[in-house]
Amino acid sequence: MTNPATKGRHRTEHERPEGPYEVVDSKSAGQKAIRDEQIRFVDFVGQIYDGAETLLGPAGHQREMRMILHLIGSHFDGQLVTGSSLAAASGLSYGTALRTIDDLDERGLLVRRERTASGRSHSLHPSAKLLARWRQFAYRGDALMRGTLRKEATPKPRRTAPPTVLPPPSVLDTKLSLGGGLRVLVHADPTFMAMLNLKRQFEMIMGTGIESRAHSIDRLRVELSANAKRAVSQYDIVAVDLPWFGEMAEEGRLLPLDALIAETGFDQSDIYPDALASSSWQGVQYGVPIMVSGEILVYRKDLLAAAGLEPPRTVEQTLVVARTLHDPKAGLAGISWNGGRGTPLGHTFLMIMSAFGQPIIDLRPTNDGFDAEHVAPANMRPMFQSDAARQTVEYLLDLLEVSPPGILQMNWYDRARSYATGSAAMAYSHSILAPIHETDQTSPAHLCTGYAPHPTGPKGRPIVPMGGYSLAIPANIAANRIGEVWRALQAFTTASATKLYLANGSLASPRTSVSRDPEVAALSPLISAIDEMAGKGYMRMWPRPPVPGIADLIAIAGEEIHDVLSGTKTMREALTTAQGRAEYLPQFRKNS
């Protein structure tokens, strides 16, 4: 009988059986494929059950699995679990369920937290021990799915996750006691948006409601200033841009944290050193970094490769690449950057000037850059009339010719969006906004982006100007809230919490342990690239030193240089005016 699957086909020499083990019957082959799928699933289930021993421990029973799944799922969803609801979810008889809950408690796998002041009612949560075991179980399960079910070529799954894999954050042992809940003021960026999107989970972790407000950078600074003038702070925790700490500390707006850190032993050992230094002033710590970003050069690897170009390392090479790729008729600009008047362009000026080898004030040179931690009065002299300042303006004038339309109105988001949509071949961009192209599969730059330090001027060295935010406590907070608010601030800034932000849309990590977590590193090549640049000593705070008056210098630069770029002032006029305006400020007047 003719096989329908081969009807109309003529067997060729190459299709003849080559030995006794070759199967020609398509039905037999199909049956073997089905059996292979079933065996793979059997292997998967068997190994999952083996892995469950790691989760439950030697004293555990499979009947506990539904309870654990309910506890873990509710923890991530921010859903309250009580003894009754956990018993109901277990599928066990009520008495057996209660005994099982007691057993989990005795083995340290759950946390009973009082819900009321009387202590008669409790909520149940997975303990840090159980969450760590769950991370191990999930890591192995994911590897099994990829290797067993999806037939991906992967190494044999480890029985446990590498020690560098961080577990999810656990709940506080006792819920926060804060009348009116926790009140937070943050910056509007992907990290803090991830935090806000995780609001229910953090409310579960802390045991209290959270009220949040997010502002753009200039509005955030205005609101911080207004809040400092109130008799009692309207916020418990505030986000502070790293360069603002000197000014905020000098004006007494923030609470010193050293005593709280010493008392609780809060672990900061893996925070990037310059980020921690930026959160201090005159040897006193005022904030804990929650997000660290680096301003870098991003470039389209595919476009450079097609044109036979290498990634630029100097400003001269950057101009060559930008001019080569600039094609307005095709809707492609050579490079995008912050050209908007005021703060956006001011930041561009300071950061590019650092790549020419000069900070905005006369900091003391060191072997690896400049000292922005120990700033003497003599170091506060503004440097608008330096050679590096002039070279920076000349470079910006050259960039104008290869920039997108509307460059002199462009801000941080605009330049990142311009690059992500394929309107620019390169961009000076903060890594904090990389999710715009890294997580959007429709972006022409998705998986086609290279990352590099700032291209250098003649006397510069590779530099990644550090940006980011730390969480701080306002100095005028009600005294009876300080202890509980400090507990909340710690919970927001742990390595496990930071990993959660990155898993939910952020790509900016302040801690090496988070950046080097294999699950985090797999989210984007940017994370490892920034960590590598930090390890080489490129990511530094001195391009925007956290000194009093730095925001005013940024504003002055952004206004005066904008006049040059728009053609209303000469470079000499603008830099002379900028120097005069800076010297008029009280922080810099006596030092010029």
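Go through (1) outside any strand (DSSP E or B); (2) touching a residue at least 24 places away in the same chain (Cβ under 8 Å) one by one and return the number of the condition Leu196 breaks.
Here Leu196 clears every test but (2).
Need the failing condition index for Asn504 against (1) of a type outside the set (Ser, Thr, Tyr); (2) modelled with pLDDT under 95; (3) at positive phi, just the number.
(3)
Any chance you could count how many residues in the stretch 73-121 are among the acidic types (Asp, Glu) and without any contact (Cβ under 8 Å) to a residue 60 or more places away in the chain? Talk me through it step by step, then tell me what you get.
Residues of the stretch 73-121 that are among the acidic types (Asp, Glu), as a first pass: 77, 102-103, 105-106, 114.
From what's left, without any contact (Cβ under 8 Å) to a residue 60 or more places away in the chain: 102-103, 105-106.
Qualifying residue count, the stretch 73-121: 4.
Does the stretch 464-488 hold any residues that are assigned to a strand (DSSP E or B) and in contact with an Asp or Glu (Cβ under 9 Å, 6 or more places away or on another chain), and which are they? Can you show your working first?
From the stretch 464-488, those assigned to a strand (DSSP E or B) are 464-472, 474; that's our starting set.
Val464, Pro465, Met466, Gly467, Gly468, Tyr469, Ser470, Pro474 - these are the residues of the stretch 464-488 that are assigned to a strand (DSSP E or B) and in contact with an Asp or Glu (Cβ under 9 Å, 6 or more places away or on another chain).
Listed residues Asp267, Asp302, Asp236, Asp258; which is modelled with pLDDT under 95 and within 28 Å of the chain's Cα centre (by Cα)? It would help to see each step written out before you state the result.
Working: Asp302 fails: modelled with pLDDT under 95; Asp236 fails: modelled with pLDDT under 95; Asp258 fails: modelled with pLDDT under 95.
Criteria check complete, one pass: Asp267.
For the stretch 255-278, state whether one or more residues are in a helix (DSSP H, G or I), touching a residue at least 12 places away in the same chain (Cβ under 8 Å), surrounded by 15 or more Cβ atoms within 10 Å (Cβ to Cβ) and among the hydroxyl-bearing types (Ser, Thr, Tyr). Break it down stepwise before answering.
So the first thing to find is which residues in the stretch 255-278 are in a helix (DSSP H, G or I), and the list is 258-264, 273-278.
In the following step, the residues that additionally are touching a residue at least 12 places away in the same chain (Cβ under 8 Å) were identified as 258, 260-261, 264, 274-278.
This time we only want the ones that are surrounded by 15 or more Cβ atoms within 10 Å (Cβ to Cβ), so: 260-261, 274-278.
From the residues that got through so far, the ones that are among the hydroxyl-bearing types (Ser, Thr, Tyr) too are 278.
Yes, the stretch 255-278 has at least one match.
Can you tell me how many residues within the stretch 515-557 are surrounded by 22 or more Cβ atoms within 10 Å (Cβ to Cβ), outside any helix (DSSP H, G or I) and hydrophobic (A, V, I, L, M, F, W, C)?
4
Testing Glu373 on (1) closer than 23 Å to Leu585 by Cβ; (2) open to solvent by less than 50 Å² (accessible area, probe 1.4 Å), one condition comes back false. Which one is that?
For Glu373, the exception is condition (2).
If only one of Val485, Val520, Val514 is farther than 15 Å from Ile296 by Cβ and either aromatic (Phe, Trp, Tyr) or more than 19 Å from the chain's Cα centre (by Cα) (or both), which one is it?
Working: Val520 fails: either aromatic (Phe, Trp, Tyr) or more than 19 Å from the chain's Cα centre (by Cα) (or both); Val514 fails: either aromatic (Phe, Trp, Tyr) or more than 19 Å from the chain's Cα centre (by Cα) (or both).
Unique residue meeting the criteria: Val485.
How many residues does the stretch 199-225 hold that are over 19 Å from the mean Cα position of the chain (by Cα) and in a loop (DSSP other than H, G, I, E, B)?
Here the count works out to 3.
Here are some residues: Ile432, Ile436. Which one is in a helix (DSSP H, G or I), closer than 30 Å to Leu363 by Cβ and open to solvent by 10 Å² or more (accessible area, probe 1.4 Å)? Walk me through how you get there before you give the answer.
Numbers: Ile436 fails: closer than 30 Å to Leu363 by Cβ.
Just a single option satisfies the conditions, and that option is Ile432.
What's the total number of residues in the stretch 79-115 that are polar (S, T, N, Q), over 27 Å from Arg200 (Cα atoms) and not in a helix (DSSP H, G or I)? Break it down into steps so the answer makes sense when it comes.
So in the stretch 79-115, the residues polar (S, T, N, Q) come out as 79, 82, 84-85, 90, 93, 96, 100.
Then drop every residue that is not over 27 Å from Arg200 (Cα atoms), which leaves 93, 96, 100.
In the following step, the residues that additionally are not in a helix (DSSP H, G or I) were identified as 93.
Result for the stretch 79-115: 1.
Name, by its number, the condition in (1) touching an Asp or Glu at 6+ places or on another chain (Cβ under 8 Å); (2) of a type in the set (A, V, I, L, M); (3) more than 24 Å from Arg219 (Cα to Cα); (4) open to solvent by less than 20 Å² (accessible area, probe 1.4 Å) that does not hold for Met571.
(4)
Applying the selection to the stretch 385-397, what residues are outside any loop (DSSP other than H, G, I, E, B) and open to solvent by 50 Å² or more (accessible area, probe 1.4 Å)?
Taking the stretch 385-397 as the starting set, the residues that turn out to be outside any loop (DSSP other than H, G, I, E, B) are 387-397.
Once the filter is applied, which keeps residues that are outside any loop (DSSP other than H, G, I, E, B) and open to solvent by 50 Å² or more (accessible area, probe 1.4 Å), the stretch 385-397 yields Asp387, Arg390, Gln391, Glu394, Leu397.
Exactly one of these conditions fails for Pro168: (1) surrounded by 20 or more Cβ atoms within 10 Å (Cβ to Cβ); (2) farther than 21 Å from Phe76 by Cβ; (3) not small (Gly, Ala, Ser). Give me its number.
(2)
Which numbered condition trips up Pro474, out of (1) open to solvent by less than 30 Å² (accessible area, probe 1.4 Å); (2) more than 30 Å from Gly209 (Cβ to Cβ)?
Looking at each condition in turn, Pro474 falls short on (2).
Regarding Pro404, is this residue more than 27 Å from Gln579 (Cα to Cα) and either outside any strand (DSSP E or B) or among the polar types (S, T, N, Q) (or both)? Spell out how you get there, then give the answer.
Values: more than 27 Å from Gln579 (Cα to Cα): yes; either outside any strand (DSSP E or B) or among the polar types (S, T, N, Q) (or both): yes.
Against the criterion (more than 27 Å from Gln579 (Cα to Cα) and either outside any strand (DSSP E or B) or among the polar types (S, T, N, Q) (or both)), Pro404 qualifies.
Hey, Ser354 hits all of (1) hydroxyl-bearing (Ser, Thr, Tyr); (2) touching a residue at least 24 places away in the same chain (Cβ under 8 Å); (3) open to solvent by 10 Å² or more (accessible area, probe 1.4 Å); (4) in a helix (DSSP H, G or I) but one; which does it fall short on?
(3)
For the stretch 286-314, how many residues are open to solvent by 10 Å² or more (accessible area, probe 1.4 Å) and touching a residue at least 24 places away in the same chain (Cβ under 8 Å)? Working first, answer last.
Keep residues of the stretch 286-314 that are open to solvent by 10 Å² or more (accessible area, probe 1.4 Å), which gives 286, 299-303, 305-311, 313-314.
Those still in the list that are touching a residue at least 24 places away in the same chain (Cβ under 8 Å) too: 286, 299-303, 311, 313-314.
The qualifying residues number 9.
Report whether or not Gly108 is modelled with pLDDT of 90 or more, at positive phi and surrounded by 12 or more Cβ atoms within 10 Å (Cβ to Cβ). Give the steps one after another, and end with the answer.
Working: modelled with pLDDT of 90 or more: yes; at positive phi: yes; surrounded by 12 or more Cβ atoms within 10 Å (Cβ to Cβ): yes.
Yes.
I need every pair where a residue in the stretch 556-568 that is under 13 Å from Gly339 (Cβ atoms) has its Cβ under 9 Å from the Cβ of a residue that is assigned to a helix (DSSP H, G or I) and acidic (Asp, Glu), sequence separation at least 6 or different chains.
Asp563/Glu573; Val564/Glu573
The values are calculated or read from the model by the stated rules, or taken from the named source; none is laboratory data. These figures come from a predicted structure and were not determined experimentally. Glycine also receives a Cβ, built like all others from the backbone with ideal geometry; neighbour counts cover every protein chain displayed. Each accessible area value is taken on the protein alone, full model and side chains, heavy atoms only, with ligands, DNA and RNA left out. Shrake-Rupley method; radii C 1.70, N 1.55, O 1.52, S 1.80 Å.
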